[in-house]
Amino acid sequence: MQMADPDTILLIEDEPQIRQTVASALEERAMHVLHASTGREGIAIAAAQHLDLVVLDLGLPDVEGVEVCREIRRGSTAPIVVMSARRTEQEKVTLLTAGADDYVTKPFGMSEFLARIQAQLRRARTPHRTTLSVHEVDGLTIDLPKRIVRRGAQMLHLSPIEWSILRTLAIHAGRAVTHQQIFDAVWSREFGNPSHYLRVYITYLRRKIERDPASPRVILTEPGVGYRLGFTDD
Ligand code: CA
């Protein structure tokens, strides 16, 4: 493997101690970290520099986190991972709609945080391949180009709607997909409550594809928000 340039991460966080802890963890993974302690500073850096990823704290002194997210998204396609204190589910949905790709709730474990950062960087590196890729999750193979789902050598037969849901999660592997986003991708807007309707299909799907449908590892629930594809095997 050839050595790539280090990934440049913009870290927007007003609390120096948290900023230092997160920055050190990222730098240990050979990432280049730019610091911003206010929303305005973060927006300015994002407008001026090429970034591979943004880590955004929501509790900033000057600008609302959602606004910072929207403003950065206007000019950049870099993944945005939000760090927040206790937030409501509705706020998470608002954030994902404003262009955030993932979020962690404080206090968070550093290894999970880094896994999410790596997943976003990997996803951003191969944007054109996402619809054509093969995903391995907890021993399950989701082959998008061949439209095949199998566990080991055993082929699993999904209904068209089940396939469409799984495909939507796989295309967005590495990020939470809201009920509404899945719903829009699979059905049309004319139906009623998406979360109720989806739950039924997710149950069917899990029975077919999970090792243990009672503790799913392929389709993870984001409470009140939606679902995500589990972490890939690597
Ligand atoms: Ca803060």
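Has the stretch 127-134 got at least one residue that is crowded, with 20+ Cβ neighbours inside 10 Å, modelled with pLDDT under 90 and within 30 Å of residue 50 (Cβ to Cβ)? Full working, then the answer.
Of the stretch 127-134, the ones crowded, with 20+ Cβ neighbours inside 10 Å are none.
There is no residue in the stretch 127-134 that is crowded, with 20+ Cβ neighbours inside 10 Å, modelled with pLDDT under 90 and within 30 Å of residue 50 (Cβ to Cβ).
Considering the stretch 11-30 alone, what residues qualify as being modelled with pLDDT of 95 or more, away from the ligand (no atom under 15 Å from the Cβ) and of a type outside the set (Asp, Glu)?
Listed by number, the residues that qualify are 24, 25, 26.
Pick from the stretch 107-117 the residues that are open to solvent by 60 Å² or more (accessible area, probe 1.4 Å) and modelled with pLDDT under 90: which of them is farthest from the ligand (Cβ to nearest atom)?
Checking each candidate, the answer is 112.
Which of the residues that make up the stretch 36-58 are surrounded by fewer than 17 Cβ atoms within 10 Å (Cβ to Cβ) and either within 16 Å of the ligand (Cβ to nearest atom) or in a helix (DSSP H, G or I) (or both)?
Quick first cut of the stretch 36-58, residues surrounded by fewer than 17 Cβ atoms within 10 Å (Cβ to Cβ) only: 38, 40, 44, 47-50.
Selection gives 38, 40, 44, 47, 48.
Could you name every one of the strands (runs of 3 or more DSSP E) located completely within the stretch 140-234 that has at least 1 residues being in contact with a Ser or Thr (Cβ under 6 Å, 6 or more places away or on another chain) and under 26 Å from residue 100 (Cβ atoms)? Working first, answer last.
On the way: elements: 140-143, 148-151, 219-222, 226-229.
Correct list: 226-229.
Residues are listed down the side, and each one gets a yes or a no for (1) over 17 Å from residue 176 (Cβ atoms); (2) open to solvent by 10 Å² or more (accessible area, probe 1.4 Å); (3) within 15 Å of the ligand (Cβ to nearest atom):
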position: 60; (1), (2), (3): yes, yes, yes
position: 66; (1), (2), (3): no, yes, yes
position: 75; (1), (2), (3): yes, yes, no
position: 78; (1), (2), (3): yes, no, no
position: 82; (1), (2), (3): no, no, yes
position: 94; (1), (2), (3): no, yes, no
position: 97; (1), (2), (3): no, yes, no
position: 105; (1), (2), (3): no, yes, yes
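The values are calculated or read from the model by the stated rules, or taken from the named source; none is laboratory data. If you're wondering where the values come from, they're calculated on a predicted model, not measured in any experiment. We place every Cβ from the backbone using ideal geometry, glycine too, and count neighbours over all the protein chains shown. Heads up: the accessible areas ignore ligands, DNA and RNA and are worked out on the full protein's heavy atoms, side chains in. Shrake-Rupley method; radii C 1.70, N 1.55, O 1.52, S 1.80 Å.
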